[in-house]
Structure formats: C-alpha cells, structure tokens
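Here's the structure, in structure tokens; my notes come after.
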Amino acid sequence: TPGDAPWWTRSVVYQVYPRSFQDTDGDGIGDLPGITRRLDYLERLGVDVVWLSPVYRSPQADNGYDISDYEDVDPLFGSLADLDALIEGLHARGMKLVMDLVVNHTSDEHPWFVESRSSAQSPRRDWYWWRPAREGMEPGAPGAEPTNWRSFFGGSAWRFDEASGEYYLHLFDPKQPDLNWENPDVREAVYAMMRRWLDRGVDGFRMDVINLISKDVAPDGSLPDGEVHWGTYGDGSPHYTDGPRVHEFLAEMHREVFAPYLAQGREILTVGETPGVTVEHGVRYTDPDRREVDMVFQFEHMGIDHGATRYDPVRWDLADLKATLGRWQAGLAHRGWNALYWDNHDQPRVVSRFGDDSPEHRVASAKALALLLHLHRGTPYVYQGEELAMTNAPFTRIEQYQDVESLGYFRELTGRTGAPRLRTDGEMLAVLAHASRDHARTPVQWDASANAGFTTGTPWLEVNPNHTTINAEAAWADEDSVLHFYRRLVALRREEPVVALGDFRMLLPDHEAVYAFTRALDATGPDGTTVRDELLVLVNVGGVPQDVPAGTLTGWEDASVLVTTHPGRADDGTRPGAVGHLEPWEGRVLRRT
Ligand code: ISL
C-alpha cells in the first residue's frame, strides 16, 4: 500500500556524468564545484536523488571506472572538501547523493593490484584472477590465454604479465583487472570502504556491473571457455553473468554494510547495474525479503536495435520494445522493483535512437518517450541532457571519439589489432555515429554561448553545435519545452500513488505504432470504501497519425486527461473519437472518472 512503500518508489534519480556536466576551473573537464553550482537547476527539475558517476582517484583509462584509490577524489574533479560541499548542498535541498561503486575491478594502478602483480608469492596475489597459460602452450603466445573470453572492449580478456609469466583477467580494459570476490579479504575490504562512504554522508550506491562479480570457477581453479560466435574470441558471459555466488555476495554485502544503517533509520538507495540479467535473476536481486539490492538496471531494451554487439545495428520494432519492457513489468509485479531508463553514459541519446531528432519531431518525440517510460512502474532515471532532448553528436572522424570501447572496437573490427578485418573504416564510422557511448558524453548544453556554458576552456569532447538552439536556458524560457515536461513527470510520480505503485497491464502488444497500457491502484477512500484509480496511457511512437483501435477505448470515452504531450489539443473534445486520435509522437494519460 502507498503508506508502506519505500521512499524510492516515489522518487526520480538524475545521473550526473561529472566530466561533462559543468567545468569551473577552465580545464575543459567538468568538476564537483560545477555540480554544486548547478544545484538550483536540479532542485527546479525536482529530482530526488543524484547518482554521480565515479569521481574517485583514477588514471581515467575508462573515465573513472578504473579506480586507483577508493578513498579520495581525483584532483581532476576537485577534493574531498568539494564532495562534502556537494553532499551538504544536496541535503540542504532535500536531495540525496548516490555514488558509483566500481568493485568488479580496480585500476591496475590501485595499490592492491600493484602488490598483487609484484610476485606470484604476494599475499595479495589471490585478490585478482591470475592464471597460467593454457596447458602445453607457450606463455604469451597467440591463443595461449587461460580462456578464450573476449573483453567487453574488444580483444582478449586476459593480459600476459611478462614478469611472473602469468595472465590476469580483465573483463573490460587491461587497465581494469577483475577483483577476485571468492577471496573473503577482498569482500571485507570493499565493505569497509563502503561503510566509510556511508559515514561520510552518501545515501547509497549504483553498483557497476555487479552481476559479473561471481565467476564460474571450478574447484581446481580453472575457468571454462566460451562459445565463439564471431571473430577470434569466445563469449565468456555465461560463465560470469549472474554467476554461482552472486546472490550470496550481495546478501552478505547487505548484512555487512547496509543493514546496521537501515536499522538506524537511514534512507539508502542501492541499484545494481546488471548487463545481461534475466528476469528470473532480476526478481532474486530485488525481492525485498532477500535483502540484496533495491532495484537493477536491466539491459534487454537496450539490445533491441543491435545484434551480437552494439556495433552490429539491426532494425528495431515497437512490438519488441513492448515485449521486453512488458516482461520486466510482469516479472517484477509482485516481488522486486524495476529501475527505468532510456539513457545513461553508455548509451546513445534516446531522442536520436528511438525517437526522431529532426527539427520537426525532436521535441514531440522526446516528450512521448519520456511519458512512455515514466508511466511504467519502477524508479525512473534521467541522464543529464535527456531532459533537454540533447541529440547524438554529429561526429564524422575517428579522432573526434574518445571512448575506450568505441576506439577498441574500431581498431579490432577494422583489422588494426591483427584480428581479421570485418568492417571498413567508413562502415565503422557509420555505426559509431549511431551507437557510440560518446553521444551521451558530449558536454551538457546550458546556454547558446561558446561551448554551451560548459567551460571557458577547450572541452575534452566536442560540444554539439546544436547547443545554439538546444540548451537549458532556452528550455526554461519555453513552457512547452521538453525540460518543463520532465519537471511535470517528476512531480507526477510524487503526487500520484497510482503512477508510483499502480499495477501495470500492457495493451495492444502487436500494434506497430501505439504503445498502450493501463495502471490501476485500489485505495481506501475517506469513508472506508475502496476506490479504484485507473489510468490509460497512449503514446504514438512514430511520425504518422494514429487512431487507437476502438476496443481499447471502451469505458474511457469520458475519461479526463491527466497529462498530455500536446496541450491544448488532446482534451478539446470537439469531435467524436478525439480521445483516441494521436498526432505524430503524441502521448496522453487518461484517468477514468
Ligand atoms: O553498455 C554496454 C553494453 O551495451 C557496455 O558498454 C558497458 O560497458 C557495460 O554495460 C558495463 O558498464 C559499466 O562498466 C564499465 C564502464 O565502462 C561503463 O561506463 C559502466 O557503466 C566498466 O566499468
């Protein structure tokens, strides 16, 4: 019931990617004082929680997802005092701060790894995954890696270390060696670090690739090969995704870290980032009785427009999107909770990807997609710039990209690493123009001035030239902007229990343009009777006008309009059947009266 539901069921989280948010010292890279300077913006938008991508000390091989000191802030972003000031500023405005927790791996420059690497006898050797060459093969020779696993960023997931003659595992970049969670000392070191951050005042964690921490290791220490679907390397993911001990580890983390704080009444948010997670595991991660995490980011809807990798684009259709989002809504309806998102720092911009970023449809399609997502059951996440309907970057040259993943795949698929050449440079550039993680990472467009008000220096990644028209200042000045629409959606979740908690039912699963569903919640009225609050959500996901099939509207003829992307049109009621007619990218929420 609404009264017992956790606070985060009524909340919206805003993700800040600090490198691209706001620079204050002119080095072209965003920083903590920059976020503090923009707190009024976040307060006005109305979000409840800020998730901050990593600001810890890091060599920045993967923009901070390679941490060399969990206890300190990287000078690039400021100081611990700057972080304290940010926390204080957020708390003063009633907002919370969730930090990124990156503990599947550290940087290779973290003292733990430096010590682990120093010799095969190091007491920290077992903190990482060190393995000898494949039996009977020359260490370091091609194909001698302990398993055939491909790294997420291309190439082998193993790096040969000359000095000790062994390999270490890195599911991501070679500068991101995987921690060995089998070792209880590793786990305790991580938990102690987390407690220190909670003591400092942070309100929770977004846990990076947390479903990859348990590897399928045999009693003799060996790891299995993966199937080879393309290229030289195999897919190791079945051997480390939702692995054998992951639920045990997360339950332990909850007991050892969160339980005492929660018992004191602290409000904490935990969200697992879980690429490849299945619904079955999603329920187990988020079932409150199991005490693992509050919610997880699933990835199925991020996969509908690509094949084996995100660099193999395929056509997507609306029925697939409904099938996947609908399956997660149904799967977590009774136990567990969804995290809802379109964008983050790893994904292209949603308006360019599932919407239409042409001048004609950009605003309407961004609103339609926002409405669609925010009316699902779960906690919505807004990624910086999404609320401005920022678009993909118009990059045409490889030199314009900075992302370690994009560059890794570019090199591998074009044959620059020695692997067979599968794509021409031109083909790869075309793919990156749609799919690169850098589209999310161009600086936030605050105003129309040079560099969009992001920096007085040279931005680390080019500012999108469309900032002259697409920017926060212009959006605040326009009541019909995407930004104001997001502000209303955020408020709606707090104000309307049916939006936060109502049951979800998908309609028209096969319709190719109209996304339709209902939300319903029984509430007890003042006189003790049960009142059913019911919403119908209709969204035209496309540029062609649609008439919603009549059957869907039965019983909704006299409904009132709660939200509309096209104010002044939807509820005009001037012609019969208007309630079911949708202009291009029009969306509305009806309330049964
Ligand atoms: O999004 C992805 C697959 O579609 C991958 O690019 C992504 O690397 C994967 O989801 C894991 O992401 C997280 O861990 C990485 C880091 O590079 C990402 O930025 C982070 O979000 C390694 O720490």
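Can you tell me which residue in region 297-311 is nearest to the ligand (Cβ to nearest atom), limited to those that are of a type in the set (A, V, I, L, M) and buried (at least 18 other Cβ atoms within 10 Å of the Cβ)?
302
Suppose the filter is buried (at least 21 other Cβ atoms within 10 Å of the Cβ), touching a residue at least 60 places away in the same chain (Cβ under 8 Å) and either more than 14 Å from the ligand (Cβ to nearest atom) or under 30 Å from residue 255 (Cβ atoms) (or both); does residue 294 pass it?
Yes; evaluated as a whole, the condition is true for this residue.
Pick from region 409-427 the residues that are polar (S, T, N, Q) and within 22 Å of residue 173 (Cβ to Cβ): which of them is surrounded by the most Cβ atoms within 10 Å (Cβ to Cβ)?
Once the filter is applied, the top-ranked residue is 414.
Could you list all residues from region 546-571 that are in contact with a Lys or Arg (Cβ under 7 Å, 6 or more places away or on another chain) and β-branched (Val, Ile, Thr)?
561, 563, 564, 565
Just need a number here: residues in region 59-75 that are crowded, with 19+ Cβ neighbours inside 10 Å and either of a type in the set (Ser, Thr, Tyr) or part of a strand (DSSP E or B) (or both).
Within region 59-75, residues that are crowded, with 19+ Cβ neighbours inside 10 Å and either of a type in the set (Ser, Thr, Tyr) or part of a strand (DSSP E or B) (or both) number 4.
Among the residues of region 1-58, write down those that are under 22 Å from residue 484 (Cα atoms) and assigned to a strand (DSSP E or B).
Correct list: 13, 14, 15, 16, 49, 50, 51.
Considering only region 273-291, how many residues are surrounded by fewer than 22 Cβ atoms within 10 Å (Cβ to Cβ) and within 14 Å of the ligand (Cβ to nearest atom)?
Qualifying residue count for the region: 2.
So, residue 83, is that one in contact with a strand residue (DSSP E or B) (Cβ under 6 Å, 6 or more places away or on another chain), outside any strand (DSSP E or B) and away from the ligand (no atom under 13 Å from the Cβ) or not?
Judged against the criteria, residue 83 is a match.
Among 375, 325, 369, which is in contact with a strand residue (DSSP E or B) (Cβ under 9 Å, 6 or more places away or on another chain), under 29 Å from residue 22 (Cα atoms) and either surrounded by 23 or more Cβ atoms within 10 Å (Cβ to Cβ) or without any contact (Cβ under 8 Å) to a residue 40 or more places away in the chain (or both)?
The match here is 369.
Return the pairs, sorted by first residue and then second, in which the second residue is assigned to a loop (DSSP other than H, G, I, E, B) and within 16 Å of the ligand (Cβ to nearest atom), the first residue lies in region 263-290 and is free of Cβ contacts under 8 Å to residues at least 60 places away in the same chain and closer than 16 Å to residue 240 by Cα, the beta carbons are less than 7 Å apart, and the residues are 6+ apart or on different chains.
278/242; 282/298
Take the conditions away from the ligand (no atom under 16 Å from the Cβ), farther than 20 Å from residue 475 by Cα, free of Cβ contacts under 8 Å to residues at least 60 places away in the same chain and in a loop (DSSP other than H, G, I, E, B) and apply them to residue 78. Does it pass?
yes
Which ones in region 221-247 are modelled with pLDDT under 95 and in contact with a helix residue (DSSP H, G or I) (Cβ under 8 Å, 6 or more places away or on another chain)?
231
Given the conditions (1) in contact with a Phe, Trp or Tyr (Cβ under 6 Å, 6 or more places away or on another chain); (2) closer than 23 Å to residue 22 by Cβ, which single one is not true for residue 408?
(2)
The values are calculated or read from the model by the stated rules, or taken from the named source; none is laboratory data. On a predicted model such as this, the values are computed, not experimentally measured, just so you know. Note: ideal-geometry Cβ built from the backbone for every residue, glycine included; neighbour counts use all protein chains shown.
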